[in-house]
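**Student:** Before I ask anything, let me first share the structure, which is written out below as structure tokens.
The values are calculated or read from the model by the stated rules, or taken from the named source; none is laboratory data. Keep in mind the model is a prediction, meaning the values are calculated, not measured. Using ideal geometry, Cβ is built from the backbone for each residue, glycine included, and neighbour counts are taken over all protein chains shown. Each accessible area value is taken on the protein alone, full model and side chains, heavy atoms only, with ligands, DNA and RNA left out. Shrake-Rupley method; radii C 1.70, N 1.55, O 1.52, S 1.80 Å.
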Amino acid sequence: MDTSPITFDWYVNFSWFNAKWGEDAVSKYVTKKTGVNINFIVPAGNEQEKLNTMIASGQLPDFITLGWWEDAVKKMIEGQLVLPLNKLAEKYDIYFFKVADPEKLAWYKQDDRNVCKYPNASSSPKDFAKYKDLKPSNQTFVVRKDIYEAIGSPDMRTPEGFLNALKAAKEKFPTFDGQPLIPLGLHEFTDTGNYSLESYLQNFLAIPMVKDGKLYDRYTDPEYIRWLKTLRKASEMGLLSKDIFIDKDPQIKEKIAQGRYFAMLYQRSDFTQQEQALYSKDPNKIYIAVDGPANSKLDPPTLAGDSISGWTVTLISKNVKDPARAIRFLSYLVSEEGQRDLYLGIKGQTWDTIDGKDQFKPEVLNLLNKDRAQFDQKYGAAFKYWMLMDTNMMLQWVPPTAEPFKQLEDWTKGKTVSFAAFDE
């Protein structure tokens, strides 16, 4: 309707996000098609401080993307700092209701009947049942293949086996490329805790969310306490490096790329670039998924799949410079057209219809599988811009998983469950 040039400021509440709009083929194509240019704003340090400062000022950028669980989401909505998407759509763009998922809108509907946020990577219970084998959990326990095999591929499901394996790895390989080996890696510690040591570990231990029809406090479960004490024992034995308590995401990624961790409780999708680089250097020095911490019955883990809340939510600020263009751009991004553009890119350049399927051209797929960083810089496809990605819709275009990622993905199949009912 209007493709005149406009630049939206888009705040992304993740300090590790470093993409720049307009430097790759996809973002240039989207700007040419819609007229929309994006100026990404990312916190340089503490995300919560940056966001709280912006909220206190009452001046927010045009778009805001953050984790659905963040307190700031509630603050922005209750403080009327963001606009209801349904009202914007009614006034400027009825097409939004055609492309937005009604179940996601219903899930995020407030008491006043308004919807102020839209999720990415979200699956309704119906979609979860349909796609869980095609799109299994991200949650993995991984070990470095060469070290794991060198110490005899031990069973790490029990506290004793886990501690013995960490100890054996450290003793046999005290250093790697002149730097100390880190026996265990985790996600970063934040102001509120550590994802690896909370719901993640609880899922590996198959601790239920509900007992006798009531919400269960997983944090007081004896199996969970037992494993926290195991980690305390690991610390006493000198098997927990100080680095894991202070490193932020960029330092963790750098150490994964160097192969410095022996084992990690970590999301497989969070280290694809680093895994790819390790694989291209030496396929024997990659990270592989193995059976990790388990409860005393050795039950298989109950790993989280996509839930209806998604991963992040995107909101439109009341200060938005052009509300009509903003809701239309959001509609485009959640539509199949926008999803195809941000996943596949440009027809004839990055993708074509090959053997009846819309898919990446061979040379583009080759670069994606070999060098994600270079792929992002050159093409910017495959959801480099993930703020509103629909991980179900993209399955029609996704190529078969290649090694070394296939092993990680396959390990989670059959272990994925939906925790959607417990979100929020």
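**Student:** Using only protein heavy atoms and a 1.4 Å probe, report how much of Ile246 is accessible, in Å² to the nearest 10.
**Tutor:** Number for this one is 120 Å².
**Student:** If you roll a 1.4 angstrom probe over the protein chains with everything in place, what fraction of the accessible area of segment 211-269 belongs to carbon and sulfur, to the nearest %?
**Tutor:** Its accessible area is 55 percent carbon and sulfur atoms.
**Student:** If DNA, RNA and ligands are ignored and the probe is 1.4 Å, what is the ranking of Glu275, Glu198 by accessible area, most exposed first?
**Tutor:** Details: Glu275 0, Glu198 45 Å².
Listed by decreasing accessible area, they come as Glu198, Glu275.
**Student:** Just add up the charged neighbours of Ala234: K/R +1, D/E -1, any other residue whose Cβ is under 12 Å from the Cβ of Ala234.
**Tutor:** So the surrounding residues net to +3.
**Student:** Of (1) 22, 47, 21, 9, 1; (2) 25, 59, 15, 1; (3) 24, 57, 19, 0, which is the value of P(r) over Cα pairs in 20 Å bins from 0, in percent derived from the coordinates here?
**Tutor:** Only one option fits the structure, namely (3).
**Student:** At a Förster radius of 45 Å, what calculated FRET efficiency corresponds to the Cβ-Cβ distance of Asp243 and Asp358, to the nearest 0.05?
**Tutor:** Details: r = 44 Å, r/R0 = 0.97.
Using R0 = 45 Å, I get an efficiency of 0.55.
**Student:** Given Lys253/Lys297; Lys297/Lys413; Lys104/Lys130; Lys28/Lys126; Lys170/Lys406; Lys233/Lys297, which pairs have Cα atoms separated by over 25 Å?
**Tutor:** Result: Lys253/Lys297; Lys28/Lys126; Lys170/Lys406 exceed 25 Å.
**Student:** When the solvent-accessible surface of protein heavy atoms is calculated with a 1.4 angstrom probe, in what order do Asp282, Asp177, Asp146, Asp291 fall, highest first?
**Tutor:** Result of the area sort, largest leading: Asp177, Asp291, Asp282, Asp146.
**Student:** Asn39's amide H: which non-local residues (gap 5+, or another chain) put their own amide H closer than 5 Å, with H modeled 1.01 Å from N in plane and none for Pro or chain starts?
**Tutor:** Correct list: Phe8, Asp9, Trp10.
**Student:** Identify all lysines with a Cα-Cα distance to Lys75 below 18 Å; exclude those on the same chain that are fewer than 8 residues away in sequence.
**Tutor:** Counting by Cα, and skipping residues close in sequence, Lys75 has these lysines nearby: Lys50, Lys109, Lys117, Lys318.
**Student:** What whole number of Å gives the distance from the Cα centroid of segment 124-179 to the Cα centroid of segment 43-107?
**Tutor:** 37
**Student:** On to the next question. For Ile288, what is the net charge nearby, where nearby means another residue's Cβ is under 9 Å from its Cβ and Lys, Arg count +1, Asp, Glu -1?
**Tutor:** Working: positive: Arg144, Lys145; negative: none.
Summing Lys and Arg as +1 and Asp and Glu as -1 gives +2.
**Student:** Using a 10 angstrom cutoff on alpha carbons, build the Gaussian network for the chain and name the most mobile of Ser269, Ser196, Ser296.
**Tutor:** Of Ser269, Ser196, Ser296, the Gaussian network model singles out Ser296 as fluctuating most.
**Student:** On the full set of protein chains, 1.4 Å probe, figure out the accessible area of Ser280 and give it in Å² to the nearest 10.
**Tutor:** 90
**Student:** Could you please state how large a percent of the accessible area of segment 48-146 is carbon and sulfur, counting protein chains only and using a 1.4 Å probe?
**Tutor:** Result for segment 48-146: 51 percent of the exposed heavy-atom area is carbon or sulfur.
**Student:** Per residue, what accessible area does the chain have, given a 1.4 Å probe and all protein chains present, in Å²?
**Tutor:** It amounts to 46 Å² per residue over the chain.
**Student:** For Lys357, give me every one of the lysines with a C-alpha distance below 20 angstrom, ignoring sequence neighbours fewer than eight places off in its own chain.
**Tutor:** Once the sequence-local lysines are set aside, what remains near Lys357 is Lys135, Lys347.
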